[in-house]
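Everything below concerns the one structure shown next.
The values are calculated or read from the model by the stated rules, or taken from the named source; none is laboratory data. Since the structure is predicted, the reported quantities are computational estimates derived from the model, not experimental observations. We place every Cβ from the backbone using ideal geometry, glycine too, and count neighbours over all the protein chains shown.
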Amino acid sequence: MTYNVLADAYGAGHPEYFPLTASGDLAAKNRYPRLADRIRAADADIICLQEVDAQLHRLILERLREFGYVDSCWAQRPGGKPDGVAMFVRGANSAAWSAFPLNDPPNATRPARRVAIIYDGRFGGDRVRIVNVHFEWDPADRPITQRYGMTAMQDLLGRLREQGDLPTIVCGDFNATPTEALPLALLSFGFVDCHAGATCFTCTANGRPAKIDYIMTTPEWRVREAGAVETPGPETELPSPAEPSDHLPLTVDISLRPA
């Protein structure tokens, strides 16, 4: 499961971004318990979340702990940013987590302060690698060499090369649609989009449905079932009482192919 949960600083802190959403549905005191319930109900073995602040991380971990998620990793963005990425793996060994900041373009005018988490450990008896990342948005007319997302992606791919071959899953909010350079870079590296060919818009961008969230794997994994996503429209209220984030969660049922 991958899910951008909308940190309170960007939700209630910026109500002008959500003109269709009632103020009560933006408030963390109402949204955060709904998010914890939604995440628990998914019953996913691997949960990768973006825009998670410390309050929400504590709440989700408390809710999940009795169901086999004995530990988790939360990596806060540097520079005083309130949010970061979090990963929960059922039965995970805490020694297997690592978190690191992602590089910015060499001539960046401002720091993006993005981070990633890697779990490199046992899952279901096999050693696997799981990555959770939230890339910065770049306008389409920005040169590739100056894009925050592409620079961060190259940083991540370099780390994966250095760490050697393992069955790998990359989850996250790419802030890019399937035909843009960022997801295409991961595909060219040999990854497979678990929801390729499916209609699975995960948010609305400028009033239009868009897929910008991904679960991608190396070829050792096979997709048994890609979770369906209800397509939001331009008048879809996100967040809402039923959908506590401005993104929809993306899920998939996968397994390792026989050796």
query: Can you name every residue in the range 112-167 that is of a type in the set (Ser, Thr, Tyr), surrounded by 21 or more Cβ atoms within 10 Å (Cβ to Cβ) and out of contact with any helix residue (DSSP H, G or I) (no Cβ under 6 Å at 6 or more places or on another chain)?
result: 148, 151
message: If residue 185 satisfies all but one of (1) closer than 22 Å to residue 74 by Cβ; (2) modelled with pLDDT of 95 or more, what's the number of the condition it fails?
response: (1)
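Condition check ((1) crowded, with 18+ Cβ neighbours inside 10 Å; (2) farther than 15 Å from residue 36 by Cα; (3) aromatic (Phe, Trp, Tyr); (4) touching a helix residue (DSSP H, G or I) at 6+ places or on another chain (Cβ under 8 Å)) across all residues:
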| site | (1), (2), (3), (4) |
| --- | --- |
| 215 | yes, yes, no, no |
| 224 | no, yes, no, no |
| 229 | yes, yes, no, no |
| 235 | no, yes, no, no |
| 242 | no, no, no, no |
field: Inter-residue pairs, beta-carbon under 9 Å, first farther than 21 Å from residue 207 by Cβ and in the range 19-37, second aromatic (Phe, Trp, Tyr) and not in a helix (DSSP H, G or I), 6+ apart
entry: 35/3
statement: For residue 12, the lone unmet condition from (1) in contact (Cβ under 8 Å) with a residue 24 or more places away in the chain; (2) not in a strand (DSSP E or B) is (1)
field: Residue under evaluation residue 156, criteria (1) over 19 Å from residue 213 (Cβ atoms); (2) at pLDDT 95 or above; (3) of a type outside the set (D, E, K, R), criterion not met
entry: (1)
query: Got at least one residue in the range 20-33 being at pLDDT 95 or above, in a loop (DSSP other than H, G, I, E, B) and out of contact with any strand residue (DSSP E or B) (no Cβ under 7 Å at 6 or more places or on another chain)?
result: yes
- prompt: Could you say whether any residue in the range 136-144 is among the small types (Gly, Ala, Ser), at pLDDT below 95 and under 23 Å from residue 54 (Cα atoms)?
  reply: no
task: Give the range 176-204 a look and list any residue that's touching a strand residue (DSSP E or B) at 6+ places or on another chain (Cβ under 8 Å) and not in a strand (DSSP E or B), or say none.
output: 177, 178, 183, 186, 187, 191, 194, 195, 198, 200, 201, 202
message: Tell me yes or no: at least one residue of the range 41-58 is farther than 20 Å from residue 132 by Cβ and surrounded by 14 or more Cβ atoms within 10 Å (Cβ to Cβ).
response: no
